[in-house]
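Accompanying notes for the structure given below.
The values are calculated or read from the model by the stated rules, or taken from the named source; none is laboratory data. Note that the coordinates shown come from a computational prediction; the quantities given were computed from them, not determined experimentally. Neighbour counts run over all protein chains shown; Cβ positions are idealised from the backbone, glycine included. In case anyone asks, the SASA skips ligands and DNA or RNA and just uses the protein heavy atoms, side chains included. Shrake-Rupley method; radii C 1.70, N 1.55, O 1.52, S 1.80 Å.
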Amino acid sequence: MSYELVCLGNPLLDLQVDVEKSYLDKYSLKENDAILAEPNHMPIFEEVLGMNGLKIVAGGAAQNTARGAQYLLPAKSVIYFGSVGKDVYADKLIEANKSVGLETAYMVQDDIATGKCAALINGVNRSLVTDLAAANHFKPSHLEKPENWKFVEGGKIFYIGGFHLTVSPAAIELLGKHAAKENKTFIMNLSAPFIPEFFKDALDRCVPYADYIICNESEAAAYAKSHELGTEDLTKIAEYIAALPKANSAKPRTVIFTQGTESTLSVAYDTSSKKYTTTTYPVHPLEASKIADTNGAGDAFAAGFTAGLVEGKDLAKSIDVGHWLASLSIQEIGPSYPFPKQTYSP
Ligand code: 26A
């Protein structure tokens with residue numbers, strides 16, 4: 001049995017609530033951000049449990065992408081790796097994954113709880129505070145077990161959540177080396193500004209394997225700052241990343257920057273001609289009144305895009321599928337996809 005798309009990330013359960021700005025201020029949280037919880041943030045996880053309108057939904061950025069891609073693709077197309085505890089939270093994740101037919105090959109921790117993310121929604125913004133718990137204990141050895149490595153060998157496209165750089169860069173490198181050697185496709189998402197900011201070295205070690213790098217405008221800006229690029233121009237930042245050294249020189253690197261409601265930018269760099277191809281793609285307009293929340297919008301974009309590549313669609317079409325799936329997901333509560341299933345038509 002093999003799965004065309006193999007994903008790796010941090011499986012989390014999202015505790016999603018609407019909060020006032022004053023609640024974010026109490027914990028010095030930004031309105032639109034994703035962070036690792038510090039000890040002083042821990043009371044949040046208790047407090048949200050007592051809040052009105054709490055919704056408990058499956059999360060974990062790459063897991064949301066894996067679920068979204070499997071939502072669009074034929075059965076048994078996607079497998080997802082990550083680490084969970086032995087608890088009802090993991091059961092809930094498995095149930096959500098099953099609803100779209102996503103297979104998981106979780107590493108299971110006996111004594112550590114499944115990770116959770118407080119998704120604090122304020123209008124169209126979301127502030128994510130994560131206690132990784134079991135997710136923090138993923139090890140490359142789990143991938144190397146023969147029953148799992150066969151899925152790696154069977155995969156054609158790999159999708160890695162940048163958030164996993166906080167957990168096991170070695171696992172990412174292991175998959176990256178395999179993908180480069182076998183001329184397979186390797187996709188990375190920068191996931192949050194704190195990744196290029198505080199996990200710069202790990203990121204720099206993994207970027208050479210990436211055929212596609214996806215991020216949003218604030219992650220691109222954080223990348224430019226931590227790498228001292230001396231520019232805030234998105235095209236220049238994308239050109240810099242696209243032309244970085246690459247393990248598999250047989251494929252160009254393409255960098256994709258989403259910008260909320262603004263057009264998505266792509267820059268591809270061809271090593272042999274030393275030429276950049278730069279294109280912008282408009283997003284699908286959606287009335288603001290239709291937005292339930294934007295938690296998982298970027299993951300849904302990555303899901304549609306990646307599913308497009310799995311189906312052999314070209315860059316423009318794959319980006320369009322990404323825009324379409326993101327617009328569906330933001331009309332749902334949390335990082336979810338609508339049922340009955342919708343189908344993409346260009
Ligand atoms: C390491 N961190 C901070 C994280 C995350 C994360 N997924 C993996 N690692 N912080 C937030 N998320 C997830 O991002 C999704 C929205 O894009 C949340 O669980 C949420 O579902």
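Values computed for the structure shown
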quantity	calculated
Those residues of the stretch 185-211 which are surrounded by fewer than 21 Cβ atoms within 10 Å (Cβ to Cβ) and acidic (Asp, Glu), in sequence order	Glu197, Asp201, Asp204
Subset of the stretch 41-73 [away from the ligand (no atom under 14 Å from the Cβ), in contact (Cβ under 8 Å) with a residue 60 or more places away in the chain and open to solvent by 50 Å² or more (accessible area, probe 1.4 Å)]	Met42
The stretch 15-40, residues that are surrounded by 13 or more Cβ atoms within 10 Å (Cβ to Cβ) and under 22 Å from the mean Cα position of the chain (by Cα)	Leu15, Gln16, Val17, Leu29, Glu31, Asn32, Asp33, Ala34, Ile35, Leu36, Ala37
The stretch 216-246, residues that are open to solvent by 60 Å² or more (accessible area, probe 1.4 Å) and within 20 Å of Ala179 (Cα to Cα)	Pro245
Top-ranked residue of the stretch 142-170 - restricted to ones that are in a helix (DSSP H, G or I) and either within 14 Å of the ligand (Cβ to nearest atom) or hydroxyl-bearing (Ser, Thr, Tyr) (or both), ranked as most open to solvent (accessible area, probe 1.4 Å)	Phe163
Residues being open to solvent by less than 70 Å² (accessible area, probe 1.4 Å) and under 23 Å from Pro335 (Cβ atoms) - total across the stretch 273-305	19
Close pairs from the stretch 145-164: first within 19 Å of Arg205 (Cβ to Cβ), partner assigned to a loop (DSSP other than H, G, I, E, B) and away from the ligand (no atom under 16 Å from the Cβ), Cβ under 8 Å, at least 6 apart	Phe158/Lys184
Selection status of Ala113, within 16 Å of the ligand (Cβ to nearest atom) and surrounded by 24 or more Cβ atoms within 10 Å (Cβ to Cβ)	no
Options Ala69, Ala113; residue that is assigned to a helix (DSSP H, G or I) and hydrophobic (A, V, I, L, M, F, W, C)	Ala69
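For every residue, the table says whether it meets (1) in contact with a Phe, Trp or Tyr (Cβ under 7 Å, 6 or more places away or on another chain); (2) within 16 Å of the ligand (Cβ to nearest atom); (3) open to solvent by less than 50 Å² (accessible area, probe 1.4 Å).
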position	(1), (2), (3)
Ser263	yes, no, yes
Thr271	no, no, no
Leu309	no, no, yes
Gly322	yes, yes, yes
Ser329	yes, yes, yes
Ile333	no, yes, no
Ser336	no, yes, yes
